[in-house]
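Colleague: First the structure, then my questions, so here it is.
Here, each number is a calculation from the coordinates, and none is a lab measurement. Keep in mind that this is a model prediction, so the values were computed, not measured. Glycine gets a Cβ as well: all are built from the backbone with ideal geometry, and neighbour counts include every protein chain shown.
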Amino acid sequence: MDKLLQDKVALVTGGGQGLGQAICWRLVREGCNVVVADLNGETAIKTAAAITEHLQDEAGSDRRAIAVKVDVTDEDQVAAMVDRAVTEFGSLDILVSNAGVLFAGEISEFPADKWRLVMNVNLFGYFLCAKHAARVMVPQGSGSILSTSSTAGITGGLGSHAYTACKHAVIGLTKSVASELAPKGVRVNAIAPGNTVTAMTADVVTGDHTDVGETERHIREGSPLGIAGTPDDIALAAVYLASDEARYVTGHTLVVDAGQTTAGRVSRFHRAEPAEMGEAGARR
């Protein structure tokens, strides 16, 4: 039985760890060949090697994973990364722009160089990846471009200033690129993860990127569904948007956050005992 993404070619930036690594694994399990791209070449190599070893144990599989070291803010490197995918596998069907950095600080003290760094990686890097993916996908007449935004791209107060600004911008750029590429057969969407148990989240929550247990507890206690999001929850969203199951979806941002940006918590108006309130707040 064919898998959902049988024989597709996927490229994932930031693919060596965290959300990107989970996305690579899930895409492979759904039938993809995958390019694991990361600024940290060592983690990219380790992830690609683990995937390749897994595929060798799969009867009849000739799929592969390769690693590419890339700085997504360098256009020459991004162009070479895309060209490598096409050279190795013959096409590029799925791009997941997931590489990202975060720097926190009060607006009055926020270092300008850190602002530029976050914008360069999280927004300019997405632009470059989308540009060069489109260069390949438009002549094919098909393809799916995905980006990782954030719930910080939906509302304020959930991320640092630079991170929030660029994640909002990613959603706007997703809509803009989607409107251009839709007539050319290329779909463009974004995913906005809520609090998810990753090393980056652990560093923000606890100050220790290895403290996964405390991070999971913290996220679970603040979750409207009472559960903590995992990288695989985000990976499953990526599979859906990349596949033909989402053939009628483009320009969309899929929020995966247990309802946090919709409800945040159980409203005081959702009470078991009906009550009508006057405008001044007095119970009638």
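Colleague: Under 18 Å from a label point 7 Å along Cα→Cβ of Phe103: give me every residue in the stretch 119-156 with its amide N that close.
Modeller: Under cut-off, by backbone N: 119-126.
Colleague: Right, next: By how many nm would the segment from Arg217 to Leu117 grow when fully extended, if each residue of separation counts as 0.36 nm and the alpha-carbon distance is taken off?
Modeller: 32.9 nm is the gain from fully extending Arg217 to Leu117.
Colleague: Right, next: Exposed loop sites here are chymotrypsin sites (Phe, Trp or Tyr not before Pro) in DSSP loop states with at most 11 other C-beta atoms within 10 Å. What is the longest stretch of the chain lacking them?
Modeller: Segment 1-247 is the longest.
Colleague: Kindly state, to the nearest 0.05, the FRET efficiency for Lys131 paired with Tyr240, given R0 = 41 Å and r defined as their beta-carbon distance.
Modeller: 0.95
Colleague: Moving on to the next point. Using a Förster distance of 30 Å, how high is the FRET efficiency between Glu88 and Thr206, based on the Cβ-Cβ distance and rounded to 0.05? Walk me through the numbers before you get to the answer.
Modeller: On the way: r = 39 Å, r/R0 = 1.31.
Efficiency, rounded to the nearest 0.05: 0.15.
Colleague: Please list, in order along the stretch 156-163, the HN-Hα scalar couplings obtained from phi with the Karplus expression 6.51 cos²θ - 1.76 cosθ + 1.60 (θ = phi - 60°), rounded to whole Hz, x for Gly and Pro.
Modeller: Here the 3J(HN,Hα) series is x, x, 9, x, 5, 4, 5, 4 Hz.
Colleague: Additional query: With the crude spin-label approximation of a point 7 Å out along Cα→Cβ, what separation in nm comes out for Ala199 versus Asn40?
Modeller: That separation, rounded to one decimal, is 0.2 nm.
Colleague: Further question: Using a Gaussian network model of the chain whose springs link C-alpha atoms within less than 10 Å, name the residue from Gly194, Gly141, Gly18 with the highest mean-square fluctuation.
Modeller: Maximum fluctuation in the GNM of the chain, among the listed residues, is at Gly141.
Colleague: What does the helix-only formula give at 222 nm for the chain: each DSSP H stretch with n ≥ 4 adding -39500 (n - 2.57), the total divided by the residues, and the result rounded to the nearest 500 deg cm²/dmol?
Modeller: Mean residue ellipticity at 222 nm (helix-derived): -13000 deg cm²/dmol.
Colleague: Quick one: net charge around Val70, please, counting Lys, Arg +1 and Asp, Glu -1 for every other residue with C-beta under 12 Å from its C-beta. Kindly include the intermediate steps, with their values, before the conclusion.
Modeller: Numbers: positive: Lys69, Arg84; negative: Asp38, Asp71, Asp74, Glu75, Asp76, Asp83.
Overall, the nearby charge balance is -4.
Colleague: Of the candidates Ala192, Ala80, Ala134, which one comes out as most mobile in a Gaussian network treatment of the chain with C-alpha springs shorter than 10 Å?
Modeller: Between Ala192, Ala80, Ala134, it is Ala80 that shows the largest mean-square fluctuation.
Colleague: Can you list residues from other chains, or at least 5 along the same chain, whose modelled amide H is less than 5 Å from the amide H of Ser147?
Modeller: Those qualifying (amide H under 5 Å, at least 5 residues apart or on another chain) are Ser97, Asn189, Ala190, Ile191.
Colleague: Of the lysine pairs in the chain, how many meet both conditions: Cα atoms under 17 Å apart, and a spacing of 8 or more in sequence or different chains? Each step should come with its number before you reach the end.
Modeller: Values: Lys46/Lys69; Lys114/Lys167; Lys131/Lys175; Lys131/Lys184; Lys167/Lys175; Lys175/Lys184.
Within the chain, the lysine pair count is 6.
Colleague: Continuing with the same structure: Tell me which label goes with the value of Rg and Dmax of the Cα atoms in Å computed from the coordinates here: (1) 21.7, 64; (2) 17.3, 50; (3) 20.1, 72.
Modeller: So the structure-derived entry is (3).
Colleague: Which log10 I(q)/I(0) values, to two decimals, does the stretch 112-188 give at q = 0.13, 0.22, 0.24 Å⁻¹ under the Debye formula with one point per Cα?
Modeller: For the requested q values the scattering log ratios are -0.41, -0.92, -1.02.
Colleague: To the nearest 10 degrees, how steep is helix 125-140 against the longest Cα principal axis of the chain, on a 0 to 90 scale?
Modeller: 50 degrees
Colleague: What angle, in degrees between 0 and 90 and rounded to the nearest 10, separates the Cα long axis of helix 18-29 from the longest principal axis of the Cα atoms of the chain?
Modeller: The answer is roughly 50 degrees.
Colleague: Measure nothing but the geometry: give the 0 to 90° angle between the long axis through the Cα atoms of 41-56 and the longest principal axis through the Cα atoms of the chain, rounded to 10°.
Modeller: 70 degrees
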